[in-house]
Amino acid sequence: MPLKTPSWWYSKRGSLAKLMPALLSPVAALYGRTAASRLAQAPEYQSRLPVICIGNFTSGGGGKTPTAIAIAGLLKTMGKSPAFLTRGYGGSAKDVVAVAGHDAAEGGDEPLLLAEVAPTFVSADRAAGAKAIEQTEADVIVMDDGFQNPGLAKDLVLIVADGASGLGNGRVIPAGPLRAPLAAQMPRADALLVIGEGKKGDALVKRFEAAGKQALRATITPDCDPRWLTVLPAIGFAGIARPSKFFATLKSNGARLVASHGFGDHHRFTEKEAKRLLDEAETKKAMLVTTEKDWARLTDEDDDEEDSAIAELKKRSRPFPIVIKFEDEDAVKVLLKDALGGATPNGAG
């Protein structure tokens, strides 16, 4: 079952923020050494297609999927035909799966969103996924995550970070959100994209610039007219890494939140949870609002039960779509052109 991101990963206040990292530091040291060793491995496969990896230094969140979608959009304006490659967290697929015709139960939630933009392949084996894409008409691979995976060489690694949360407490899992020690990850990153404002994001920008790497900025904006959020009181619910970020986005776009419910990342809602949300919306005369990923994941495993609470929750809730807007789109295009031109890949990733 997906777990909620520990709040103390991103805070220095409170007893847990001081106690837990110290208690978990021995485990984090072991995890960090293993992760660093994996990062140092030579790539197992070099695709004949350019590979652009959208990753992050930390576990969960950050905005990788909307950034991958934005990158694919830019590639299309440059005359390219991108295809997405993702592990499809939360799905049950074991082999390479082309997402068309599959639901979130098999491929995961992000692939369903990616497939609306470009051909999407789900594969835990990144090399196998790349080989499958090579058999299509695609001429560039966009990886949603997979930075720390050594299975496939990358021509461009774009690290995505949230401006407000940055690297959290800067410690390695489970003492903090880092997937590997920062010293092991930085050399394998080509550029940084900070989404939104924040001192932690500013600090990361300085790290990249000091290392001679490019740092770019972006914002999250609604992919719709947000005025519908103001019509009724709203109940927000989300099963993502940092639900509070989604609720803040709703508020900043005019939502009058009368309740908000956060669940673990990639959470699969139960009948009981769905009924509770529906009952609360009825009692408070409020509309239900969720993320696009959560809405895509609201599918009933038993298609015969059309009157299930989960099916009803999907009918009665509304996703709030967002997109990534680059502050300097031309600079992003230059990065992409360099990668498409055959830049030396980053080996491990």
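The values are calculated or read from the model by the stated rules, or taken from the named source; none is laboratory data. Since this is a predicted model, take the numbers as computed values, not measurements. Glycine gets a Cβ as well: all are built from the backbone with ideal geometry, and neighbour counts include every protein chain shown. Ligands, DNA and RNA are stripped out before the accessible areas are found, and what is left, the full protein with its side chains, is counted by its heavy atoms. Shrake-Rupley method; radii C 1.70, N 1.55, O 1.52, S 1.80 Å.
Annotations for the structure displayed:
- Criterion violated by R13 - all others in (1) closer than 26 Å to K245 by Cα; (2) part of a loop (DSSP other than H, G, I, E, B); (3) touching a residue at least 24 places away in the same chain (Cβ under 8 Å) satisfied: (3)
- Residue within segment 228-236 that is assigned to a strand (DSSP E or B), of a type in the set (A, V, I, L, M) and more than 20 Å from the chain's Cα centre (by Cα) present: yes
Every residue, every condition in (1) assigned to a loop (DSSP other than H, G, I, E, B); (2) open to solvent by less than 40 Å² (accessible area, probe 1.4 Å); (3) polar (S, T, N, Q), yes or no:
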site	(1), (2), (3)
A35	no, yes, no
Y45	yes, no, no
I54	no, yes, no
G61	yes, yes, no
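- Residue in segment 162-184 that is nearest to the chain's Cα centre (by Cα), counting only those that are farther than 14 Å from W9 by Cβ and open to solvent by less than 30 Å² (accessible area, probe 1.4 Å): G163
- In segment 294-309, the condition of being within 27 Å of G196 (Cα to Cα), touching a strand residue (DSSP E or B) at 6+ places or on another chain (Cβ under 7 Å), crowded, with 18+ Cβ neighbours inside 10 Å and at pLDDT below 95 is met by at least one residue.
- Of residues in segment 272-293 being basic (K, R) and either modelled with pLDDT under 95 or farther than 20 Å from L250 by Cβ (or both), the one surrounded by the fewest Cβ atoms within 10 Å (Cβ to Cβ): K272
- Restricting G90, G79 to residues that are at pLDDT below 95, on the phi > 0 side of the Ramachandran plot and open to solvent by 10 Å² or more (accessible area, probe 1.4 Å) narrows the list to G90.
- Residue within segment 189-212 that is within 20 Å of R38 (Cβ to Cβ) and open to solvent by 40 Å² or more (accessible area, probe 1.4 Å) present: yes
- G254, sole failed condition from (1) over 19 Å from G61 (Cα atoms); (2) surrounded by 15 or more Cβ atoms within 10 Å (Cβ to Cβ); (3) of a type in the set (G, A, S): (2)
- Failed item in (1) more than 15 Å from the chain's Cα centre (by Cα); (2) assigned to a strand (DSSP E or B); (3) surrounded by 17 or more Cβ atoms within 10 Å (Cβ to Cβ), with T221 passing the rest: (3)
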